[in-house]
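Engineer: This is the structure, below, for whatever I ask next.
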Amino acid sequence: MTITGNRATIVSPSASSTPRLRMAPAGSRRGPLDGGWWPRSTDPLAELPGLVPAIDRLRGPVRQLILNVQGWDSHPRCLGVAGRIIRLGYFTSQPATLLTAICDGGARVDLLVIPPDTPRRIAETAMLIAAATDNVLPAQAILLAASTTDPGATDHLPEDRWETDGGHLVAANPDRAAGRADVVLEHAQTRRSSDVSH
């Protein structure tokens, strides 16, 4: 396909991969984020066509995505996904670690964006924190919190352990994984409190 301008609608020629996505249950959000997403690359044409249907299934049809301008290799303005056109906006004011999806009716989904080259342990811990209903950390602070936790904080799961419906992480022991998320959040909140008191 020949693209003659940045505003042309682009349909990804390759099949979408299942996104590495973890989201809190709908309606449970109390903090700044709805979940976390760990793309495999910084190519929006390879990554976004898989993410949009996953958000559709969990929160309703996506109409627009807001991304950081420096975090992506290219900047298409319109993307054809699931038989409709998704508008893409790139802004320097949008944190590199945040993607915002605007769904039908104005509903908003905010996702932590984890850099593709992040070590698996850190990425999985970051997604647990971002999707926790009691998370209070903004996207910019979660990767730091995840990288300072105990090296055994998450299981090293192969990619085929991801569910196909929404890309939720399938933990070998969900109770243990949830407990670890609580420890990570407590650790991050303690550090945040000590930073404020100094």
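Engineer: For D73, indicate whether it is over 16 Å from the mean Cα position of the chain (by Cα), within 26 Å of R30 (Cβ to Cβ) and surrounded by fewer than 17 Cβ atoms within 10 Å (Cβ to Cβ).
Structural biologist: It is false that D73 is over 16 Å from the mean Cα position of the chain (by Cα), within 26 Å of R30 (Cβ to Cβ) and surrounded by fewer than 17 Cβ atoms within 10 Å (Cβ to Cβ).
Engineer: Report yes if D110 is modelled with pLDDT of 95 or more and surrounded by fewer than 17 Cβ atoms within 10 Å (Cβ to Cβ), otherwise no.
Structural biologist: Judged against the criteria, D110 is not a match.
Engineer: Looking at (1) touching a residue at least 40 places away in the same chain (Cβ under 8 Å); (2) more than 21 Å from P138 (Cβ to Cβ); (3) not in a loop (DSSP other than H, G, I, E, B), which is the one condition that is false for L45?
Structural biologist: L45 satisfies all of (1) touching a residue at least 40 places away in the same chain (Cβ under 8 Å); (2) more than 21 Å from P138 (Cβ to Cβ); (3) not in a loop (DSSP other than H, G, I, E, B) except (1).
Let's see how each residue does on (1) within 23 Å of P44 (Cβ to Cβ); (2) of a type in the set (D, E, K, R); (3) over 14 Å from the mean Cα position of the chain (by Cα); (4) at pLDDT 95 or above:
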site	(1), (2), (3), (4)
T118	yes, no, no, yes
A126	yes, no, no, yes
A130	yes, no, no, yes
Q140	yes, no, no, no
L144	no, no, yes, no
T149	no, no, yes, no
H156	no, no, yes, no
E159	yes, yes, yes, no
E163	no, yes, yes, no
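Engineer: Hey, another quick one. Here are R7, R63: which of them is farther than 25 Å from N135 by Cα, in a strand (DSSP E or B) and either of a type in the set (K, R) or at pLDDT 95 or above (or both)?
Structural biologist: Among R7, R63, only R63 is farther than 25 Å from N135 by Cα, in a strand (DSSP E or B) and either of a type in the set (K, R) or at pLDDT 95 or above (or both).
The values are calculated or read from the model by the stated rules, or taken from the named source; none is laboratory data. Given the structure is predicted, the values throughout are model-derived calculations rather than measurements. Ideal geometry is used to build each Cβ from the backbone, glycine not excepted, and the neighbour counts take in all protein chains shown.
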